[in-house]
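Notes follow once the structure below has been shown.
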Amino acid sequence: MEDKERGLAGAPGSVSKYVILGVTGSVAAFKSPLVVRAIKDSGIGVRVVMTEAAKQFVTPLSLELVSGNPVLWDSFQSPLSHIEIARDACALIAAPATLNTISKFSTGVADNLLTTLFMAFRGPVIIAPAMNWRMYDNPIFKDRLAYLKDKGIIEVTPERGALACGEEGVGRMASTQRIVHTLKRTLGANDMKGLKVIVTSGPTREYIDPVRFITNRSSGKMGRALARAACLRGAFVTLISGPSSVPPHDDVLDEIDDAEIIRVETSGEMEKAILEKSKEADIVVMAAAVCDFKPERFSQDKLSRSEGLTLELVKTADILGKISAHASKKTYLTGFAAETGDRKDRAREKLQKKGIDMIVFNDVTQEGAGFDSDTNIMTIITPTEELSIPKMSKDAGANRIFDKILLNIKGRN
Ligand code: CTP
């Protein structure tokens, strides 16, 4: 029966997109049904192609059931030619990818359906190696892998842990989430690939003594949304996060190799972290609600209530202003102005005073905007224009901000 007659999800020739998941002969193949499920959960169809060796570790039937498509391993098994399957797929993922298959990819050996498909496929290829650490560390293999990466093959690096052979080392297949986020990132707009982006988020804490501090209501959600958006669009992202209320684990940023989270507490630590990093950055977005004041003196000992307390506060350094003074001209600088009331005039003043390229205004008193909310209502302000972003999720709003930043960077070049 033809695939189309069986109404199979993501079949070649159908309109829905699908990826080819190549499963090769590693113990990690037992995780393949989970990889299939996770890819399908993100709305993408899967056609599984196995090697003969993979059938020792996972059955074609289980992969057929979970993918909803016939599983192929033999070049002569299906009326669909390898050319047809390869032509209509949007990505090829080899997970787990053995040393043998990766080496064949690198030398153009096409002796089974998967390696033949690889040679016929013109879209993005992702490999998730799984092998003993000695094999992964082998200099011959390293050369082969480097060659493939140089040709644009994307590696989801293996993880350290207990290996099937009983040893411990780097060689375990990457987690299902890392594989799927890499896929999403690869299939996304990818219009920020190659850009270095720094985002700050959350509040800062300014310590009075070892147990007391001044802070503000920022949740860190907007900054997190910005970092995730840039990451999924292909940028290399550094998120410098104050102690925010969003959970420290982030299923995009923690799973993507091209992202880092630096955790800081005080405005001084944030300043140090960003000044070091911003020299190289293409885009800086200061979404953090940096405390404007800090205690003039920090007491090493816990202050006693019986002695009473009068706090003398001093201004914290204007981090964005400092970056603007020192950053290279190519760095696109964006700030946030969280105000109470429709005070776009204050936002415009800050844009000018700090010498930055864009400021994003929001009125935190509006329903569905500001602190701790999952949505925001914003106005993007540049020296020449204003763009309203109506109420929408912080994730969607973050993408609007980057759309505009990219447009402006293009217009500048
Ligand atoms: N900002 C900063 N360093 C500070 C304070 C703020 O870099 N010490 C950044 C914020 O991250 C934000 C922008 O400057 O992107 C505007 O912050 P905001 O607190 O609204 O403005 P201030 O410069 O503090 O001015 P004001 O106190 O008058 O509101």
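No value in this document is a laboratory result; all are computed from the given coordinates. As the structure is a computational prediction, the values presented were derived from the model and not from experiment. Counting neighbours? That spans all protein chains shown, and the Cβs are built from the backbone with ideal geometry, glycine included.
Of LYS315/LYS350; LYS17/LYS40; LYS196/LYS353; LYS322/LYS350; LYS279/LYS404, which sit over 18 Å apart, Cα to Cα?
The pairs that break the limit, which is 18 Å between Cα atoms, are LYS196/LYS353; LYS279/LYS404.
Give me the Kirkwood hydrodynamic radius of region 3-187 in Å, from all C-alpha pairs, to one decimal place?
Evaluated on region 3-187, it is 16.2 Å.
Taking the alpha-carbon set of the chain, what are its Rg and Dmax in Å?
Every Cα atom of the chain included, Rg and Dmax give 25.4, 87 Å.
Work from the charge dipole of the chain (Cβ charges, +1 for Lys and Arg, -1 for Asp and Glu, about the Cα centre) and give the residue of ALA229, THR182, LEU99 farthest towards its positive end.
The residue sitting farthest along the positive end of the dipole is ALA229.
So what are the radius of gyration and Dmax for the Cα set of region 196-412, in Å?
Computed over the Cα atoms of region 196-412, radius of gyration and Dmax are 17.3, 61 Å.
Restricting to bridges with both residues inside the chain, how much of the DSSP beta-bridge set is antiparallel, in percent to the nearest 5?
30
Which lysines have a Cα less than 21 Å from the Cα of LYS151, not counting those fewer than 8 places away in the same chain?
Output for LYS151: LYS104, LYS142, LYS184, LYS193.
How much length is gained on full extension from GLU168 to LYS322, taking 0.36 nm per residue of separation minus their Cα-Cα distance?
Result for the pair: 50.8 nm of gain on full extension.
Could you work out [θ]222 nm for the chain from helices alone, using -39500 (n - 2.57) per DSSP H run of at least four and dividing by all its residues? Round to the nearest 500 deg cm²/dmol.
Computed ellipticity for the chain at 222 nm equals -9500 deg cm²/dmol.
For LYS277, list the aspartates and glutamates whose Cα falls under 20 Å from its own Cα; do not include residues on the same chain fewer than 8 positions away.
ASP254, ASP257, ASP258, GLU260, GLU265, GLU269, ASP318, ASP357
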